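In what follows, a single structure is set out as structure tokens and then discussed.
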Amino acid sequence: MKTLKRPRNLSATGFLLIVTIGLFVLMYAAGMLAFSGQGFAKPQMFLNLFISNAGLIVISCGMTLVMITGGIDISVGSVTALVCMVVAYQMERNGASAFTAILFALGIGLAFGIVQGFLVAYLDIQPFIVSLAGLFFGRGMTAIVSTDMISIKNETFLAWAKYQIYLPFGSTNKKGIYQPAYIYPTVIVALLVVLFIFILLRYTKFGRKVYAIGGNQQSALMMGLNVRRTKFEAYLLDGFLAGLGGFLFALNSCAGFVEQAKGLEMDAISSSVIGGTLLSGGVGNPIGTLFGVLIKGTISSLITTQGTLSSWWVRIALSALLCFFIVLQSIITSRKQKQR
Amino acid sequence: MPEAKLTSPGQKKPLWRRIAGHHLFLPLLCLIVVLLSNLIKTPDFFAITIQNGMLRGYVIDVVNRASELVILAVGMTLVTAASGGQDISVGAVMAVSAAVCCQMLSGGEVSVTTFSNPLILAVLAALLASALCGAFNGFLVAKMHIQPMVATLILYTAGRGIAQLVTNGQITYVRVDAYKMWGSALPGLLFPVPVFFAIAVVLIVSLVLKKTALGLYIESVGINGNASRLVGLNGTKIKWITYIICGILAGIAGFVSSARIYSADANNIGLNLEMDAILAVALGGNILGGGKFSLAGSVIGAYTIQALTTTLYAMNVSSDQLPVYKAVVVIIIVVLQSPTAQKLIATQRLHHAANRIARQTGGDNT
């Protein structure tokens, strides 16, 4: 069987992607010029963007996938909190090993994916409402597991979390000692996920089906695609990635508490949108999403390095950017409709 | 369906069937079940006493605490009906309104014991700020044709930041009795003041909807935007108006809730209340995809949620664990409302009707 043709709206995708990457380069260059004294020009600073956002990258990839089908998943922040809490609780209070913890994390993600996917795909309930319930449920379950703040002290887990992989370049510090740049294993996992989703969406039958459904569900159905099944699979994968992302998040924070990862879903959505995913579905790309996350990371490190601005400026700047991209998308979509 | 033909003329449906078929039956039933379930654990749940000229009791507490939610649910119902989506920024808009109001009253100080500006000016400024927020949401939804939840996501994320900006990141206290009374009690009134705010909002909005054609316009735009455009309705304007109303109502709710704690806590005022408001609309039997709406249903829904919250607190469920039960309720409601379930119920009804006709015609022939 032949693979499906690529959709014709790739030009819109390309344009949005270029805007995103351009914006990131511009912002980072501005940061390097303004704060070169505070180490913004060091390669480690750049890698820290990946290190602190590895979980978000994975979660945003799942979000992008769901958004391409025309849906949304706002439960990911709660799933992350639940995963962190369960992982911490199982290892610290029940003496589970770090490997069992991975299984717990992925299992929670899959369970959310199955239930939400079933409700959205087979019962035709609005994705927003379904995942709203998921958001409530996840956060509440986290509190039911424990309301304490549990920090993780499991040795295997900490060894994974703090294992530094050195890269063949680096910088010299103030005393003139050479320090190689390093990343954590989480970064490699995150980048592999981006690559996997990229290949999945671009070169497999499943990926082309996802785009077709997001572009026009009715025509996809007419073409004989199994819309319900594909949607279900997309939500399943999204749930799995939320579980995995949650685990990476736990590796970064090494703790579990109720208020963790609050608002992460909004970060994931805005990263996808800034990365060029159309909210109406049918257009999107994990590479763009990766840059969306990096832009978000750059904004927050610019504002923390600057020092005098308070942390809520991160939110305001991010929303302004989100607004800009949403309006840009709206203009692109309406122009495309006029061309038809 | 030729429903009228199925019941022969002159023979009315039995009373219980007419009651059960009413659109407010299920929401009311939910509310009553939730309230009655309290009797198991707290037998004196319905007891009401008078202290210092004020009514006190669990039920009064539910009615009092639900006030902000009722106000928000009214706005959310209109937005849902007209645009087929929800405004998730109302909680953040409440924070903005509270921040503007308290900042005007305190004149920039952290804590004051006298007003720096007249109260009416501060309230007007707060309502103006929240109307602006609503107008911004309305612009994105109505003019730019962006999905409501995503358009309002912008203010949802930024709103609390803006509120922090207004109050310079502090919690502004207004320790003035003339301000506190709006959130607590007025001498001579049996009920707390917020209750009257809720009643007034519901009355005014429903009067406006009844006396003008706005209610009809909102429904027709929500049911079929294209068709209502063809009959000459300006859908953009109507949607925009609903978002502005929703913003102003969120502003009123913000004022009430800041008067309760006589301060502007940008991080906590109206936190997660947008989710409760959406839930209230759904509980009231309104379709979240827009179209026909029932204000009374949403109001009952809002009281049900507050009753549920109070009940769970009474059962020693901590506030952190509360969302789990709310999530279960949401899922049950939306599954019952879902097209698949509705189709199942409809086929069941059709079967019943067909059986009855078969029996009747069979009887006529013999």
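The values are calculated or read from the model by the stated rules, or taken from the named source; none is laboratory data. Given the structure is predicted, the values throughout are model-derived calculations rather than measurements. As a convention, Cβ positions derive from the backbone with ideal geometry for all residues, glycine included, and neighbour counts pool all protein chains shown.
For region B:88-110, indicate whether the set of residues that are on the phi > 0 side of the Ramachandran plot, away from chain A (no Cβ under 14 Å) and of a type outside the set (Val, Ile, Thr) is non-empty.
Yes, the conditions are met somewhere in region B:88-110.
Which members of region B:186-237 meet the condition of being free of Cβ contacts under 8 Å to residues at least 40 places away in the same chain, polar (S, T, N, Q) and buried (at least 17 other Cβ atoms within 10 Å of the Cβ)?
B:Ser220, B:Ser228
Pick from region A:258-276 the residues that are within 17 Å of A:Val314 (Cβ to Cβ) and facing another protein chain (nearest Cβ under 8 Å): which of them is surrounded by the fewest Cβ atoms within 10 Å (Cβ to Cβ)?
A:Gly263
Considering every residue within region A:304-312, establish whether at least one is assigned to a helix (DSSP H, G or I) and more than 29 Å from B:Thr167 (Cβ to Cβ).
Checking region A:304-312: not a single residue is assigned to a helix (DSSP H, G or I) and more than 29 Å from B:Thr167 (Cβ to Cβ).
Within region A:139-156, which residues are over 20 Å from A:Val79 (Cα atoms) and touching a Cys at 6+ places or on another chain (Cβ under 9 Å)?
Hit for region A:139-156 is A:Lys153, nothing else.
If you go through region A:128-150 one residue at a time, do you hit one that is of a type in the set (Ser, Thr, Tyr), away from chain B (no Cβ under 14 Å) and touching a residue at least 12 places away in the same chain (Cβ under 8 Å)?
no
So if I check each of A:Ala255, A:Ala250, which one is surrounded by 22 or more Cβ atoms within 10 Å (Cβ to Cβ) and modelled with pLDDT of 85 or more?
Unique residue meeting the criteria: A:Ala250.
Does A:Lys174 count as out of contact with any strand residue (DSSP E or B) (no Cβ under 6 Å at 6 or more places or on another chain) and part of a helix (DSSP H, G or I)?
So A:Lys174 fails the test.
Given the structure, is A:Leu318 crowded, with 19+ Cβ neighbours inside 10 Å, modelled with pLDDT of 85 or more and either among the acidic types (Asp, Glu) or touching a helix residue (DSSP H, G or I) at 6+ places or on another chain (Cβ under 9 Å) (or both)?
no
Give, as residue ranges, the helices (runs of 4 or more DSSP H) completely inside region B:266-366 that count at least 3 residues that are surrounded by fewer than 20 Cβ atoms within 10 Å (Cβ to Cβ) and at the interface with chain A (Cβ under 9 Å from one of its Cβ atoms).
Per the criteria, B:322-337, B:339-365.
Go over the candidates A:Ala101, A:Ala105, A:Ala111, A:Ala121 one by one and state the one that is surrounded by 21 or more Cβ atoms within 10 Å (Cβ to Cβ), in a helix (DSSP H, G or I) and within 14 Å of another protein chain (Cβ to nearest Cβ).
Residue meeting the stated conditions: A:Ala121.
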